[in-house]
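Novice: One structure, as structure tokens, below. Some questions next.
The values are calculated or read from the model by the stated rules, or taken from the named source; none is laboratory data. Note that the coordinates shown come from a computational prediction; the quantities given were computed from them, not determined experimentally. A quick note on method: Cβ atoms are made from the backbone with ideal geometry, for glycine too, and the neighbour counts reach across all protein chains shown.
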Amino acid sequence: MLKEGQLLFYKPFYFKDGGEPLDKFFIVLKNVNDETIVASLPTSKNNAPSLIDILHGCVNIDERQFNCYVFQEKKCVCDNGFSFDVHTYVYGDKVNDYLFKSLTDGQTYHISGQLTQTEFNALKECIINSNSTINRIKKLLKS
């Protein structure tokens with residue numbers, strides 16, 4: 001079973017919408033009934049440079065329905081010392097749920113690390129407290 005807070009690297013990741021497979025990081029946010037994983041696919045793309053004015057942490061602008069958690073490049077975020085090579089972003093509106101089987105059957109991945117408890121809690125709180133996160137996802141993360 002994948003553990004909450006794990007940072008995985010898929011080579012490649014097969015998207016559930018059928019998009020072109022890409023090498024991607026994957027953060028496990030919640031296990032639900034041993035069947036479903038709530039997770040995010042961090043990206044190195046800053047989709048809103050005018051709104052993101054911090055190097056690390058949560059940006060939440062409810063009136064713009066914008067939410068993003070920023071991982072600063074080269075800042076240790078996992079208990080094994082792992083850090084992202086570049087600034088990396090998790091957007092609240094992109095958090096999704098995945099069937100466990102679709103993440104493990106035929107997928108090649110390795111565990112890059114376990115987010116520190118402080119980092120994991122900050123990421124989850126950032127996503128839960130955003131107007132841009134889908135309510136169904138918020139409920140799953142709170143349960």
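Novice: Please specify each residue of the range 70-79 satisfying the condition of being over 25 Å from MET1 (Cα atoms) and touching a residue at least 12 places away in the same chain (Cβ under 8 Å).
Specialist: VAL70, PHE71, GLN72, GLU73, LYS75
Novice: For ASP17, which of the numbered conditions (1) touching a Ser or Thr at 6+ places or on another chain (Cβ under 6 Å); (2) more than 24 Å from GLU119 (Cβ to Cβ) fails to hold?
Specialist: (1)
Novice: Name the helices (runs of 4 or more DSSP H) wholly inside the range 39-143 in which the number of residues that are among the basic types (Lys, Arg) and crowded, with 16+ Cβ neighbours inside 10 Å is 1 or more.
Specialist: Because the criterion is at least 1 residues that are among the basic types (Lys, Arg) and crowded, with 16+ Cβ neighbours inside 10 Å, the helices (runs of 4 or more DSSP H) in the range 39-143 that meet it are 117-128, 135-142.
Novice: Looking only at residues in the range 13-30 that are without any contact (Cβ under 8 Å) to a residue 40 or more places away in the chain and either assigned to a strand (DSSP E or B) or in contact with a helix residue (DSSP H, G or I) (Cβ under 9 Å, 6 or more places away or on another chain) (or both), which one is farthest from GLY106 (Cα to Cα)?
Specialist: Going residue by residue through the range 13-30, those that are without any contact (Cβ under 8 Å) to a residue 40 or more places away in the chain are 15, 17-24, 28.
Cutting the leftovers down to either assigned to a strand (DSSP E or B) or in contact with a helix residue (DSSP H, G or I) (Cβ under 9 Å, 6 or more places away or on another chain) (or both) gives us 22-24, 28.
Numbers: LEU22: 14, ASP23: 14, LYS24: 15, VAL28: 18 Å.
For the range 13-30, the residue satisfying everything is VAL28.
Novice: State which residue pairs qualify: first residue touching a residue at least 40 places away in the same chain (Cβ under 8 Å) and inside the range 80-93, second residue acidic (Asp, Glu) and assigned to a loop (DSSP other than H, G, I, E, B) in any location, beta carbons under 7 Å apart, and separation of 6 or more residues or different chains.
Specialist: Taking only residues 6 or more apart or on different chains, the pairs are PHE84/GLU73; VAL86/GLU73; HIS87/GLU73.
Novice: So which residues in the range 27-57 are farther than 19 Å from ASN121 by Cα and in contact with a Lys or Arg (Cβ under 9 Å, 6 or more places away or on another chain), if there are any at all?
Specialist: Listed by number, the residues that qualify are GLU35, THR36, THR43, ALA48, LEU51.
Novice: Can you tell me which residue among SER50, SER102 is free of Cβ contacts under 8 Å to residues at least 24 places away in the same chain and out of contact with any Gly (no Cβ under 6 Å at 6 or more places or on another chain)? Walk me through it before giving the result.
Specialist: Working: SER102 fails: free of Cβ contacts under 8 Å to residues at least 24 places away in the same chain.
On inspection, the qualifying residue turns out to be SER50.
Novice: Filter the range 11-37 for residues that are at pLDDT below 95 and β-branched (Val, Ile, Thr); which is surrounded by the most Cβ atoms within 10 Å (Cβ to Cβ)?
Specialist: ILE37
Novice: Just checking, how many residues over the range 58-107 are more than 20 Å from ALA122 (Cα to Cα), of a type in the set (Gly, Ala, Ser) and at pLDDT 95 or above?
Specialist: Residues flagged as more than 20 Å from ALA122 (Cα to Cα), of a type in the set (Gly, Ala, Ser) and at pLDDT 95 or above within the range 58-107 amount to 0.
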